[in-house]
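Peer 1: The structure's right below; bear with me while I get my questions together.
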Amino acid sequence: MRPTTLSCLLLLMVMGKAVPATAGELDELPPQVTFSISGGRWEDPGESDNNGIVKSPDLKKDPQSPEKSIRRGYYRLVAVQQPDKTGKVFLQQMQVTDAGSKLIDRVELQEISDLHALITDIRTDDTSGINKSLGFLATVYVKTNPKSADPDSWNVMIDEFGEIQVARESH
């Protein structure tokens, strides 16, 4: 197994645990993880798209459906540095449970990974800490030329229905 694959698997095991993390477990976080942010919000009765990311339709309260049957959670973006110093970016969907956060699915954002660029930063659009609406928006900053003064910006958007869009930011 390649070291990069092993590092990604270790990362997913550490970050996907539903038990409280300890300071010692942070030492297990691979050094190839250069950025990790969480944000956004989703909720739904559990239907999935063909890519595994749970869809978040506009839910109607069903009086016969108990509140517990609706799954809720947030998104996480993780940048993993490759041996050639370029980065790959993964979107993880996390479910919030009584036992803690649980990894539901992950998908590599090919639009960014295919750039073979240096990932210089990832920032969420909402820094208030309160996600009032469904969805997620973050910006990934990349340099395809390491000598370039300014990075390019790529937006990662997930709408209230769980549709993922990755697009270069236009100024």
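Peer 1: Where in segment 114-171 are there GluC sites (Glu not before Pro) that are in a DSSP coil and have at most 12 other Cβ atoms within 10 angstrom of their Cβ?
Peer 2: 169
Peer 1: Right, here's the next one. For segment 35-40, what does the Karplus curve 6.51 cos²θ - 1.76 cosθ + 1.60, with θ = phi - 60°, yield as ³J(HN,Hα) per residue in whole Hz, taken in order and with x for Gly and Pro?
Peer 2: 8, 8, 10, 10, x, x
Peer 1: Quick one: which residues, 5+ away or cross-chain, put their amide H under 5 Å from the amide H of residue 121? H built at 1.01 Å from N.
Peer 2: 141
Values quoted throughout were computed directly from the atomic coordinates according to the rules given, and no laboratory measurement underlies them. Here the structure is a predicted model, which is why all the values come from computation and not from measurement. Cβ atoms come from the backbone with ideal geometry, glycine included; neighbour counts cover every protein chain shown.
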